[in-house]
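*Asks:* Next up is a structure, given as structure tokens.
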Amino acid sequence: TTGVTTLDPGFVNTASCVSSITFIDGDKGVLQYRGYPIEQLAEKATFIEVAYLLIYGELPTQAQLDEFNGKIARRMLLDERMRELFRAFPRGAHPMQVLAAGVTALGSFNRDTLDVHDEGQVEEASLRLLGSMPTLAAYAYKSSIGAPFLYPRNNLGYVENYLRLSFGTPQEEYEIDPDVVRAFETLFILHADHEQNASTSTVRLVGSADANIYASMASGVHALSGPLHGGANQAVLEMLREISKEGLDIKDFVSQVKDKKSGVKLMGFGHRVYKNYDPRAKIIKGHADQLLRNSGTSNHLLEMALELEETALNDEYFIERKLYPNVDFYTGLIYEAMGFPAQHFTALFALGRLPGWIAQWREQHAEKGRKIGRPRQIYIGATERDYVPINER
Ligand code: SDX
């Protein structure tokens, strides 16, 4: 019943687990959450609706969605003492380090939900994580610019609350733009899960040791922060800015990338699984185009990104290596247009990925007879030898 009909032995040997959450066909550029094509979810669903689908396996009814939204909204308020955590960081601290510390701290402020074998506690911890993450991410941003924190509102949706916490001020009401909300609903949906990527595998491995769910999620935040993974969305914008600042010709930059000695990568390009256009990138590119053109400002960086893509997709180096734009190539352009600084982009990726991490962690914990993860190695070191006293070395 799934898209998977035959597994070649090579694939089975490298598979780290069996899962029914997300299906990817890298050659065809297919991505489905619980069987639903990402293209349909991205345009028709809300982020919390997709979070429900990933965690519980089915799309919610209206009543189930309303209840789920209400439970999450009521858990967006952090323990007041957690606000002090943000003051302890230097202003230039990277938001992903602050976010990871905040998620870790949740484990200390929610000690009544640490038992990984108690389904009720795991359910409550999942809701508290979904509620706390937008507040933590918004406070990480606010503290990085020395701005005051607001309190979440129970009568606002998830994305609305997050945007208000991030950009609202005590002096005036934050005006919610439905187009911006829709763009974020789509972006968060597109980031929500991606089978066994580095950060999700980290969450599973840490969780397999019966570490509490908050510690597992904090580990995922750290893994995601790497520039080869979620940190790429920040790296793409920095790359585009560098090209612009240096006045580099796009073709010259692409030649630099192709010259191995330069060590320069085309950030936002390439993928371990997609050997075709990342279906998420296709959707995000459309949104970036629409949002930035509607904004009236000619977006020089978008023009550059489009020219970079055009140049790379017609270049043998990229064609023979099957390198296409991935989810990170256009995302940052939208985040920047929304007012977020590049350093904050990966925290947005973590916000989107949280439901996937929770779903994958819970799927693993539900497995009968599950065991602690224990990857093996191929040893290529020294063969057995005797100790040599230091005066004879
Ligand atoms: C994410 O796994 C996931 O699902 C992740 C993710 C998710 O949703 O969780 O999709 C999110 O992490 C997307 C990827 C974001 N990272 C980047 O955009 C960073 C730039 N991309 C590369 O670092 C690279 O493409 C990776 C890390 C994404 C994938 O690396 P692989 O699969 O190990 O590929 P590789 O390094 O073996 O590359 C194969 C060849 C090499 O050349 P040769 O040695 O064969 O000559 O392609 C080259 C690489 O040098 N190559 C690139 C390149 N990516 C690969 N050359 C220039 N620029 C690039 N971006």
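No lab work stands behind these numbers, since they all come straight from the coordinates. Bear in mind the structure is a predicted one, so any value in this text is a computation, not a measurement. Don't worry about glycine lacking a Cβ; one is built from the backbone with ideal geometry, like all the others, and counts go over all protein chains shown.
*Asks:* Sequence-distant or interchain residues sharing an amide H contact under 5 Å with PHE269, placed H: which?
*Replies:* ASN326
*Asks:* Another question, if that's okay. Tell me, what ³J(HN,Hα) does each residue in region 200-211 have, in order and in whole Hz, if you take phi through Karplus 6.51 cos²θ - 1.76 cosθ + 1.60 with θ = phi - 60° and put x for Gly and Pro?
*Replies:* Along region 200-211, the couplings run 5, 5, 5, 4, 5, 5, 5, x, 5, 8, 6, 5 Hz.
*Asks:* Could you tell me which of rounded, prolate or oblate describes the chain, using a ≥ b ≥ c as the square roots of the eigenvalues of the alpha-carbon gyration tensor, with rounded for a/c under 1.5 and, failing that, prolate when a/b is larger than b/c and oblate otherwise?
*Replies:* Numbers: a/c = 1.31, a/b = 1.04, b/c = 1.27.
Rounded shape, in that the Cα axes give a/c under 1.5.
*Asks:* List every residue whose amide H lies under 5 Å from the amide H of VAL30, counting only residues 5 or more places away in sequence or on a different chain, with H placed 1.01 Å from N in the peptide plane.
*Replies:* Here the answer is ASP25, since their amide H atoms fall under 5 Å of that of VAL30.
*Asks:* Not counting the cut sites, what is the longest span of the chain without GluC sites (Glu not before Pro) that DSSP labels loop and that have at most 13 other Cβ atoms within 10 Å?
*Replies:* Details: sites that count: GLU58, GLU80, GLU172, GLU173, GLU175, GLU367, GLU384.
It runs 176-366.
*Asks:* In addition: Would you mind classifying region 151-301 by shape? Square roots of the alpha carbon gyration tensor eigenvalues, ordered a ≥ b ≥ c; an a/c under 1.5 is rounded, otherwise it is prolate if a/b is larger than b/c and oblate if not. If you can, show how the numbers build up before the last one.
*Replies:* Details: a/c = 2.04, a/b = 1.13, b/c = 1.81.
Oblate.
*Asks:* Expressed in nm to one decimal, what extension gain is obtained for the pair GLU238 and LYS368 from 0.36 nm per residue of sequence separation less their Cα-Cα distance? Present the calculation step by step, with values, prior to reporting the outcome.
*Replies:* Values: separation 130, 0.36 × 130 = 46.80 nm, distance 4.57 nm.
Gain on extension, GLU238 to LYS368, equals 42.2 nm.
*Asks:* Can you list residues whose amide H is under 5 Å from GLY373's amide H, if they're 5+ apart or on another chain and H is modeled 1.01 Å from N?
*Replies:* HN-HN under 5 Å from GLY373: SER208, ALA209.
*Asks:* Using 0.36 nm times the number of residues separating TYR379 and ALA198, minus their current alpha carbon distance, what extension gain do you get? Intermediate values should be presented prior to the final figure.
*Replies:* Working: separation 181, 0.36 × 181 = 65.16 nm, distance 2.27 nm.
Here the answer is 62.9 nm.
*Asks:* Could you work out the relative contact order of the chain? I mean the mean sequence separation of Cα pairs under 8 Å and 6+ apart, divided by the number of residues, in percent. Don't skip to the answer; put the middle values down first.
*Replies:* Values: 518 pairs, mean separation 87.0, N = 393.
Reported as a whole number, the value is 22 percent.
*Asks:* Rounded to the nearest 0.05, what FRET efficiency is calculated for GLN171 and VAL264 with R0 set to 41 Å and r the Cβ-Cβ distance? Intermediate values should be presented prior to the final figure.
*Replies:* On the way: r = 44 Å, r/R0 = 1.08.
Efficiency at R0 = 41 Å is approximately 0.40.
*Asks:* I need the chymotrypsin sites (Phe, Trp or Tyr not before Pro) found in region 317-388, filtered to DSSP loop residues with at most 15 other beta carbons within 10 Å of theirs. It would help to have the intermediate numbers written out before the result.
*Replies:* On the way: sites: TYR317, PHE318, PHE329, TYR330, TYR335, PHE345, PHE349, TRP357, TRP361, TYR379, TYR387; in loops: TYR379, TYR387.
When the chymotrypsin sites (Phe, Trp or Tyr not before Pro) of region 317-388 are filtered for loop state and at most 15 Cβ neighbours within 10 Å, TYR379, TYR387 remain.
*Asks:* Assuming a ≥ b ≥ c are the square roots of the Cα gyration tensor eigenvalues, decide whether region 239-293 counts as rounded (a/c under 1.5), prolate (otherwise, with a/b larger than b/c) or oblate.
*Replies:* Values: a/c = 3.13, a/b = 1.28, b/c = 2.44.
The shape class here is oblate.
*Asks:* At 0.36 nm per residue, and after removing the present C-alpha to C-alpha distance, how many nm does the segment from THR61 to ASP386 gain when stretched out fully? All intermediate terms of the calculation are to be shown ahead of the outcome.
*Replies:* Working: separation 325, 0.36 × 325 = 117.00 nm, distance 6.82 nm.
Difference between extended and current length: 110.2 nm.
*Asks:* Now a separate question. Can you give the helix-only mean residue ellipticity at 222 nm for the chain, where every DSSP H stretch with n ≥ 4 adds -39500 (n - 2.57) and the sum goes over all residues, rounded to the nearest 500 deg cm²/dmol?
*Replies:* Values: 18 runs with 219 residues, N = 393.
Dividing the helical sum by the residues of the chain leaves -17500 deg cm²/dmol.
*Asks:* Return the distance in nm (one decimal) between the two label points of a simple spin-label model at TYR36 and ARG87, each offset 7 Å from Cα along Cα→Cβ.
*Replies:* 4.3
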